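Asks: Quick one: the structure is below, and I'll ask about it shortly.
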Amino acid sequence: MVELKKHPKFEGVYYIQTAEGKQLATENLVPGIRVYGEDLFTVDRIEYRAWSPYRSKLAASIEKGIKEINVKFGMNVLYLGAASGTTPSHVSDIVGVKGKVFCVEFAPRVIRELLEVTSKRMNMVPILGDARTPSSYRHLVEAVDSIYCDVAQPEQAKLLADNAAAFLKKNGKAMIAIKARSVDVTMEPTEVFKNETKVLEDRGLRIIDIKQLEPFEKDHAMIIAELK
Ligand SMILES: C[S@@+](CC[C@H](N)C(=O)[O-])C[C@H]1O[C@@H](n2cnc3c(N)ncnc32)[C@H](O)[C@@H]1O
């Protein structure tokens with residue numbers, strides 16, 4: 001027996017309850033197609049894809065009770081560090097046919113896998129580009145409601161702020177997954193999170209919430225901020 005419940009806070013996000021337990025899910029924009037081997041469930045003739053917090057830091061932040069994600073039906077989202085499309089595909093499910101996900105990725109090997117995903121999802125725009133230079137893909141990206149940044153690189157907060165200045169609408173929101181070890185292996189993770197938060201604040205972003213992602217991801221935090 002499969003039971004479906006809407007997430008109490010986030011539209012387009014669901015919980016699927018089965019005999020094995022409860023798990024996050026999104027409505028599959030492309031029924032019958034899996035992106036990364038995830039389980040599919042059909043309830044009232046609508047198909048849903050399981051969304052694991054161990055595979056996606058956005059799902060992990062939801063499970064950790066983050067206040068906001070600002071990914072909703074019809075929104076435009078700029079996704080920095082799209083990799084092979086695991087989390088971007090769930091963002092694509094949520095924004096649906098009226099929204100767009102601009103997916104920036106700089107590694108040619110993974111972008112090949114990303115193209116497999118984006119070719120089946122008409123709301124995803126793949127961009128082979130370096131998120132450190134937003135001007136290089138300015139002609140491909142529209143104004144966006146949200147930016148999601150998961151590049152696991154030093155200076156990721158600066159890079160996010162540069163993209164926010166270039167593409168984020170006023171009062172738009174930005175999320176950043178901070179991997180402490182990628183910023184500074186010698187520093188305590190909490191110090192790294194504090195420093196990255198300050199970079200965002202100094203660039204005009206107001207912090208809405210910060211959540212550490214254990215037990216799903218070690219030494220990671222998710223920050224959501226609003227462009228003032
Ligand atoms: C942790 S993975 C992203 C996983 C993905 N967000 C998900 O949840 O499915 C980080 C990705 O960022 C990419 N990346 C790192 N630096 C980048 C940059 N400057 N510009 C674009 N992509 C970058 C890496 O190649 C890698 O694929």
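Asks: Kindly provide the set of residues from the stretch 202-212 that are exposed (fewer than 15 other Cβ atoms within 10 Å of the Cβ) and either over 20 Å from residue 70 (Cα atoms) or in contact (Cβ under 8 Å) with a residue 24 or more places away in the chain (or both), ordered by number.
Replies: Within the stretch 202-212, the subset exposed (fewer than 15 other Cβ atoms within 10 Å of the Cβ) is 202, 204, 206-207.
Correct list: 202, 204.
Asks: Right, here's the next one. Would you confirm whether any residue within the stretch 96-110 is over 21 Å from residue 51 (Cβ atoms), modelled with pLDDT under 95 and of a type in the set (Gly, Ala, Ser)?
Replies: No: zero hits.
Asks: Sticking with this structure for a sec: Determine if the stretch 181-189 includes at least one residue that is surrounded by fewer than 18 Cβ atoms within 10 Å (Cβ to Cβ), not in a loop (DSSP other than H, G, I, E, B) and not hydrophobic (A, V, I, L, M, F, W, C).
Replies: Within the stretch 181-189, the subset surrounded by fewer than 18 Cβ atoms within 10 Å (Cβ to Cβ) is 181-182, 184-188.
Subset that is not in a loop (DSSP other than H, G, I, E, B): 181-182.
Those left that are additionally not hydrophobic (A, V, I, L, M, F, W, C): 181-182.
Looking for residues that are surrounded by fewer than 18 Cβ atoms within 10 Å (Cβ to Cβ), not in a loop (DSSP other than H, G, I, E, B) and not hydrophobic (A, V, I, L, M, F, W, C), one finds at least one in the stretch 181-189, hence yes.
Asks: Given the condition crowded, with 19+ Cβ neighbours inside 10 Å, of a type in the set (Val, Ile, Thr) and touching an Asp or Glu at 6+ places or on another chain (Cβ under 8 Å), answer yes or no: does some residue in the stretch 49-64 qualify?
Replies: Looking for residues that are crowded, with 19+ Cβ neighbours inside 10 Å, of a type in the set (Val, Ile, Thr) and touching an Asp or Glu at 6+ places or on another chain (Cβ under 8 Å), one finds none in the stretch 49-64, hence no.
Asks: Within the stretch 95-120, track down each residue that is more than 14 Å from the ligand (Cβ to nearest atom) and touching a residue at least 12 places away in the same chain (Cβ under 8 Å).
Replies: The first filter runs over the stretch 95-120 and keeps only residues more than 14 Å from the ligand (Cβ to nearest atom), leaving 95-100, 119-120.
Within the stretch 95-120, 95, 96, 97, 98, 99, 100, 120 qualify.
The values are calculated or read from the model by the stated rules, or taken from the named source; none is laboratory data. Worth saying up front: this structure is predicted, and the values here are computed from it rather than measured. Note that each Cβ is placed from the backbone with ideal geometry, even for glycine, and that neighbours are counted across all protein chains shown.
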